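In what follows, a single structure is set out as structure tokens and then discussed.
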Amino acid sequence: MPYYRSVGEVPRKRHTQFRQPDGTLYAEELVGQEGFSSDSSLLYHRHAPTAIVAAEEFTPPAFTRVPNLPLKPRHLRTHKLDGAGADPVLGRQHLLANDDVRIAYVLADQPSPLFRDATGDHCLYLESGSLRVESPFGVLEAVAGDYVVIPTSTIHRLVPTGDEPTRLLAIEAAGHVGPPKRYLSVRGQFLEHSPYCERDVRGPDTPLLVDETDVEVLVRHRRGWTRYVYANHPFDVVGWDGHMYPWAFSIHDFEPITGRIHQPPPVHQTFQGPNFVICSFVPRKVDYHPDAIPVPYNHHNVDSDEMLFYTGGNYEARRGSGIEQGSISLHPSGFTHGPQPGAAERSIGAEFFDELAVMVDTFRPLDLCDAGTACEDDAYAWTWARRA
């Protein structure tokens with residue numbers, strides 16, 4: 001995250017003696033990216049964060065990937081995947097994936113196990129419900145419309161809260177996710193042209209201290225999965241400071257950039273990841289040129305696949321295609337896509353679009369996973385050939 005936070009108790013100087021009430025030293029843990037050459041945070045544990053008492057291989061829920069063949073646009077209806085008794089980590093149903101990112105959906109109503117993904121950051125989007133994110137950094141509360149970014153190797157637990165199950169889109173990266181570099185100064189401050197800033201970002205603000213022993217943690221790593229048993233609970237941090245921690249940002253705080261004519265997707269960019277970007281389409285005033293056509297023109301992004309998750313409002317360009325709440329459209333490289341028949345003419349004169357959507361553009365092709373195939377609307381690809 002591009003700004004510094006300090007939470008709980010930390011000594012005035014790094015890597016110096018910091019003692020517990022009984023006189024023993026707190027155990028330092030430096031969590032950092034790119035070795036010692038990028039963002040990091042320094043945590044102070046009551047117990048050694050290295051103390052494990054058991055380790056065994058773990059077999060996670062499996063999914064398969066198949067190429068998008070024949071190559072065509074796809075429509076996935078995530079609400080067809082509803083099930084009971086799922087947790088927000090092991091209950092994820094993977095829809096689309098490549099070697100850079102995995103996209104999954106889950107309807108969760110129970111806490112996840114303690115989990116660490118050592119292969120990349122997670123960017124979670126809450127379609128509905130609410131969620132408590134627990135980690136050594138503290139507690140982060142999230143509600144519908146929130147993005148939550150969980151850095152690589154952060155041990156965490158996701159706990160659905162409230163009276164309704166939590167609907168969650170999980171974007172699992174094979175690397176790091178953060179604000180686009182063009183929004184940041186050389187020192188990491190959000191610039192004036194950024195559609196959001198530090199005031200919109202939330203992080204944990206108090207330590208979460210749990211006193212337990214023999215605690216299981218599932219770890220996804222580059223060779224598979226392992227179940228560890230830690231001698232003490234990893235949520236024993238009395239204080240920390242730095243730039244690397246879980247953080248949340250509401251899509252409703254994204255300030256849309258508009259113009260006299262239609263603005264392309266880069267103005268909606270919210271995050272960047274390894275070989276992919278995440279964009280937010282929010283309610284906004286639309287083009288004000290007297291001859292403007294507010295919906296997108298037909299376009300062929302020759303270097304990327306475009307995935308769009310529809311999470312609220314009315315998406316004008318897709319009217320008549322069967323798109324609904326929770327739909328995902330996939331428009332692959334190699335295929336020209338655009339508004340449904342009649343949408344361009346209908347949009348003329350519109351002054352406001354009431355739509356909410358999360359877009360993931362990838363620069364390598366997305367494969368279809370089992371759950372994606374199971375909830376596909378097979379008629380979608382042919383909807384441009386008939387009048388809406």
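Order of 16-26, 291-301 by packing, highest average Cβ count within 10 Å first?
Ranked by mean Cβ neighbours within 10 Å, highest first: 291-301, 16-26.
Could you sort the peptides 362-370, 208-216, 274-282 by per-residue average Cβ neighbour count (10 Å cutoff), highest mean leading?
274-282, 362-370, 208-216
Give the long-range amide H neighbours of ASN232: residues separated by 5 or more places, or on another chain, with amide H under 5 Å away, using H modelled in the peptide plane at 1.01 Å from N.
For ASN232, the qualifying residues are ASP214, VAL215.
Rounded to a whole number of µm²/s, how large is the Stokes-Einstein D of region 326-367 at 37 °C and 0.692 mPa s, given Rh as the Kirkwood radius over C-alpha pairs?
My calculation gives 249 µm²/s for D.
Using the Cα centre of region 291-388 as the reference point, and only Cβ charges (+1 on K/R, -1 on D/E), how large is the resulting charge dipole? Debye, rounded to the nearest 20.
So the magnitude is around 300 debye.
Between TYR297, VAL219, ALA62, whose Cα lies farthest towards the positive end of the dipole of the chain when Lys and Arg beta carbons carry +1 and Asp and Glu beta carbons carry -1, centred on the Cα centre?
Of TYR297, VAL219, ALA62, it is TYR297.
Given Cβ point charges of +1 (Lys, Arg) and -1 (Asp, Glu) and nothing else, what value in debye, to the nearest 20, does the dipole of the chain about its Cα centre take?
720
Treating cross-link reach as a plain straight distance, find the lysines whose alpha-carbon is under 19 Å from the alpha-carbon of LYS285, omitting any fewer than eight places away in the same chain.
none
I need two numbers for region 120-249: Rg to one decimal and Dmax as a whole number, Cα atoms only, in Å.
15.8, 49
So for region 251-388, taking the charge dipole from beta-carbon charges (+1 Lys/Arg, -1 Asp/Glu), which of GLY326, CYS369, ALA381 sits furthest toward the positive end?
It is ALA381, whose Cα lies furthest towards the positive end.
Given 10 °C and 1.306 mPa s, compute D for region 303-352 with the Stokes-Einstein relation, Rh being the Kirkwood radius over Cα pairs; round to the nearest whole µm²/s.
Roughly 131 µm²/s, to the nearest whole number.
Ignoring any ligand, DNA or RNA, what whole percent of the accessible area of region 97-217 comes from carbon and sulfur when the probe is 1.4 angstrom?
The value for region 97-217 is 46 percent carbon and sulfur by accessible area.
Determine the per residue accessible area of the chain with all protein chains present and a 1.4 angstrom probe, expressed in square angstrom.
About 46 Å² of surface per residue is accessible.
Over region 229-280, with every protein chain in place, what whole percent of the accessible area is carbon and sulfur at 1.4 Å, could you tell me?
53
What distance in nm separates the simple spin-label points at GLU216 and ALA51, each placed 7 Å from Cα in the Cβ direction?
About 2.1 nm, to one decimal.
Can you compute log10 of I(q)/I(0) for the chain with the Debye formula, treating each Cα as one identical point scatterer, at q = 0.11, 0.12 Å⁻¹?
At q = 0.11, 0.12 Å⁻¹ the computed log10 ratios are -0.81, -0.95.
The values are calculated or read from the model by the stated rules, or taken from the named source; none is laboratory data. In this text, all values refer to a predicted model and were calculated from it rather than measured experimentally. Please note: Cβ atoms are built from the backbone with ideal geometry, for glycine as well, and neighbour counts cover all protein chains shown. Each accessible area value is taken on the protein alone, full model and side chains, heavy atoms only, with ligands, DNA and RNA left out. Shrake-Rupley method; radii C 1.70, N 1.55, O 1.52, S 1.80 Å.
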